[in-house]
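First the structure, in the form of structure tokens, and then the observations on it.
Readers should treat all values here as calculations from the given coordinates under stated rules, not as data from a laboratory. This is a predicted model, so every value here is computed, not measured. Because the Cβ atoms are built from the backbone with ideal geometry, glycine has one as well, and the counts that use them run over all protein chains shown.
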Amino acid sequence: VSSADPAQPKHIPVLPVEVLAALSPQPGQVAIDCTAGLGGHAEAIARAVGPTGTVLLCDLDAGNLARAADRLRSIPAAGAGGGGGGGGEGGGGGPPKVLTHHGSFAEAPRELLAAGLRADLVLADLGFASPQVEDAQRGFSFSRDGPLDMRLDPTRGSTAADLVATLPERELADLIYRFGEERESRAIARRIVQTRASTPITRTGQLAELIRSVVRRTPGGIDPATRTFQALRIAVNDELGHLDALLDWIDRGARPQTRDSWLAPGARVAIIAFHSLEDRPVKQAFGRLVERGLAEPVIDGMVGPTDAERQANPRAGSAKLRAVRIVGTPGSGRASPPASGSA
Ligand SMILES: C[S@@+](CC[C@H](N)C(=O)[O-])C[C@H]1O[C@@H](n2cnc3c(N)ncnc32)[C@H](O)[C@@H]1O
């Protein structure tokens, strides 16, 4: 896959300036991009850490991972032209060492430890990339008919059609309520169960129409299928389970030196969430680290998009970036100088 190919799928990275300010990547550092996607953020980080640095890319979607890795490996060496990416000098141009992990970001810390490395920078830009939703065959979209799939990693696990076909009505309703915050969850679950008794629900268009027949669209409101589709996507990919596992790893990595110390002293961790179900656990986990003196905030609270970014990239509308710097604890042997200021 060539990053110069005009037919390449596009994804505009959200909060690009804010992410770089929060992570402050430096030449020679080791970075993990937990959610490589199309490699937009990763390229900027890679340019900044430069040829003496290392970037571990991680994604559940093998296609995205390959594109991101190719993009990073194509960063031209100094004097070879190129430019862009906005990541700074990075010790003379050229790609960093690029490692890849096809799988959940919850496995990334182990991958890094197995490679004998510790991370200076960690980024997670949660959720899905634009091309995944735009490809009807992936089954994420309620406005493009396709198979009801929704797996970020289409090579393993149950599809949304499997869940819709097999979950008991009560569990379906709970799932739609919990992950979609959908007030009509019971009515939707009831209609799904009634329908599937005679007709299998296998297409996104079919499910979207079924939901629209239960929930009326309010003038100027979102498509009635939005919340149920979000709920199924979160459940199919166990998105909150993976996030909890990553937050747990960050907590372990911030404690005094253990065999799980995958975060280097002074490591910066930044996470972008797109809805409250994701943002709440991030806020709480970072808050607990700060309270225990294991981290200090790099951003006061959270930062969202500017009006200009919101207009240029509607996907950025709900983005919330939080970031902390791991400081270590006295006597841990990992203490690092305090930050000179917030980014
Ligand atoms: C918002 S996109 C990232 C975009 C990327 N920052 C860029 O600039 O192109 C999120 C990506 O994370 C991946 N993803 C979501 N959950 C994941 C998980 N638990 N582990 C690994 N990758 C995940 C998705 O497949 C998708 O490619």
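Worth pointing out:
- For the chain, relative contact order (Cα pairs under 8 Å, six or more residues apart, normalised by length) works out to 17 percent.
- Rounded tilt (10° steps) of 204-214 against the dominant C-alpha axis of the chain: 60 degrees
- Using 0.36 nm per residue and subtracting the Cα-Cα separation, the extra length available between GLU291 and GLN26 on full extension is 92.7 nm.
- Dipole size of segment 183-251 about its Cα centre, with +1 on Lys/Arg Cβ and -1 on Asp/Glu Cβ: approximately 740 debye, rounded to the nearest 20.
- Angle in degrees between helix 169-180 and the longest Cα principal axis of the chain, rounded to the nearest 10: 40 degrees
- Dipole moment magnitude, nearest 20 debye, the chain about Cα centre, only Lys, Arg, Asp, Glu C-beta charged: 380 debye
- Straight-distance crosslink candidates among lysines, where the alpha carbon sits under 26 Å from LYS97 and sequence neighbours closer than 8 are dropped: LYS10
- Extension gain from ARG252 to ARG178, taking 0.36 nm per residue of separation minus the Cα-Cα distance: 23.9 nm
- A helix-only calculation puts the chain at -11500 deg cm²/dmol for mean residue ellipticity at 222 nm, using -39500 (n - 2.57) for each DSSP H run of at least four residues, averaged over all residues.
- Least to most buried among HIS11, HIS242 (fewest other Cβ within 10 Å first): HIS242, HIS11
- Computing FRET efficiency as 1/(1 + (r/R0)^6) for VAL214 and SER130, where r is the C-beta to C-beta distance and R0 is 35 Å, gives about 0.75.
- Angle between the chain longest axis and helix 40-49 axis [Cα atoms, degrees, rounded to 10]: 10 degrees
- Residue exposure proxy: SER198, SER104, ordered by other Cβ atoms within 10 angstrom of their Cβ from fewest to most, comes out as SER198, SER104.
- Gain on full stretching of the segment that runs from SER318 to ALA62 - 0.36 nm per residue minus C-alpha separation: 89.5 nm
- Counted by Cβ distance under 13 Å from THR199, the other residues give a net charge of +2, where Lys and Arg count +1 and Asp and Glu count -1.
- About its Cα centre, segment 113-232 has a charge dipole of approximately 420 debye under the convention of +1 per Lys or Arg Cβ and -1 per Asp or Glu Cβ, with nothing else charged.
- Listed by Cβ neighbour count within 10 Å, with the fewest neighbours leading, GLU43, GLU309, GLU209 appear as GLU209, GLU309, GLU43.
- Label-to-label distance for ARG203 and ALA115 is 4.4 nm, based on points extended 7 Å past Cα in the beta-carbon direction.
- Calculated FRET value between ARG144 and ARG73, using beta carbons and R₀ = 35 Å, to 0.05: 0.65
- Spin-label pair ALA245/THR195, simplified geometry with 7 Å Cα→Cβ offset, distance in nm: 3.1 nm
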